[in-house]
Structure formats: C-alpha cells, structure tokens
Amino acid sequence: MKNRFYLKEFQFFDREDTVVFNILSVDGDKITVAVTKCGKISVSDYELHIISYLRIYERFPQTEYMLKNGLCAYAENITLLKKFGKDKQFCKWFIRHRKELALPYGNTYNVTTIREAYKTGRPLDEVKHFLFAKKQFEREARFNPIRQLFPGWKLKTYFDYIEKQTISDSLYLDYLNACNYLGVDMSEKQNCFPSDFRRAHDIRIRQYSERKAINEANKKQELMQKIAEVAEKYLPLQHNKRSAFICVIAKSPADLIHEGKML
C-alpha cells in the first residue's frame, strides 16, 4: 500500500486579507478546498497542479515565500526565482512592492518590466507604459535618428516633451534632420527641447532651405567650371580639318542636355 501525503493547510495574503486553504479531499486531478477569507468559508473544487509546484519548490524554496505574500502569478517564474536566490536586495524590493505586483493572472508585470523598475527605481506602472511605447516606437525605422539622440530612458524625456508640445514624431524628425544638416549642437538642451518647438521648427526649416539652396548653387557652379575646363581641353578637336567628322564640344550643362535630346 502506497502512503499518501496531503498538505492540510496553506495560506497567503491577497492584498486585502489572509486567505486560508484547507484541503478536504483529493480525487484524481481534482482537489476540494475549504477557503476562509474575511471570516467567511466557502468550498470549491480546483484542478490539481501540486506536482508542478513541488518540482519548482525543490529547486527554489523561495517560491513558497511568494505564495505566502500573494504573489502567486510569479511563484513559478524561474528567471525571477533565480534572481531571488542571487540578489537579496531584489528580494527585499520585490516584497516591498508586493501590493503593486499582486495582480490577477493576465494583468501581471513581465520580467523585463520588473527588472527595469528595480534597476531604475521607477514605479512599475510607469516602466510598463514606457517599455510598451518604446517597443511601438522602435517599429518605425525612419525614427532611428531620434532613438540615437535619445538612448535608453532619455527616450522617456522625449515622449514627455512631444506630448507637452502636442507635436508628432514626424514633425520632430523634420526639425532634427534640419538641425543636423545645419550642424546644430543637439547635445544642448535648448536645441533638442526648445521651449517653443513650432517657432524653433519654422526657423530651422527656413535656415535649412536657404543653406541647401546656396549649397546646390555652389555645386552647380563647380559643375559648370569643371565642364568648362574639360571643354577647353578638348576644344582643338572641334576644328580638326583632317577629319571628315565635326566634333562639337559641350561647354555647359545645358549643352549636354540639348545633345542628349538630339540623340
């Protein structure tokens, strides 16, 4: 005859009160439990997952501590349990924030959010919303210049800024591209976060257009100069009387365009 061992009583805190479970019977994969909460007793049937729990408890006894503090949703998370065993400060932080963490299944914070909140000391909800916004933002490859300007948590400052200024990412990108073209020092706060963004945007875009027009005019002048130099070099061929063909040397971009159309 095989011996059977039942955990007769178990309790944990669910953010409101200490809940006590008393096992009444075990039948196959079903377990009947008397639940005592706020002085009231109810009897319910649950699916039995005790084997899975015992396997984790054997490796990480701290899982019981999580359950007793109402952190059931994290009790089988191996990543968190490993960190519990290695980092005592994290363990203390986790228990200190148990009221925030003890959420219903499906609404819990993921491991990345928890570790980032612990690392930065920021509220869990703030970290959760920032990481979600960051993930959505990173899907747009065209915003890479903005991400390079605001790495890590600096991106949170950027999000707060564009929300306050009621502007879009695209509008800020136009401003950033213009500033980069003009060689503006974007490490200066007044440049990356101007107090009146729309005014600063209009000024930089106008300066950008003027500078670009000047640069293009200079490039055109350089091109014409180079064509003129080449034309002068080969001009003697145009008057070569020994050849039966006439060689017309282009002296400007307009001559090249005309020749192309004639061909």
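Quick rundown of the values:
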read-out	value
Distance between the range 69-140 and the range 200-214 - C-alpha centres, whole angstrom	46 Å
Members of Lys99/Lys119; Lys83/Lys154; Lys154/Lys212 lying beyond 24 Å, as alpha-carbon distances in this model show	Lys83/Lys154; Lys154/Lys212
Residue-wise HN-Hα coupling along the range 171-185, computed from phi with Karplus coefficients 6.51, -1.76, 1.60 (Hz; x: Gly, Pro)	5, 5, 5, 4, 5, 5, 4, 5, 4, 5, 5, 7, x, 6, 6
Karplus-derived 3J(HN,Hα), 6.51/-1.76/1.60, for each residue of the range 78-89, Hz, glycine and proline x	4, 4, 5, 5, 5, 5, 4, x, 9, 10, 5, 5
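We did not get these values from a lab; they are worked out from the coordinates using the rules stated. It should be emphasised that the depicted structure is a prediction, and the values quoted were computed from it without experimental measurement.
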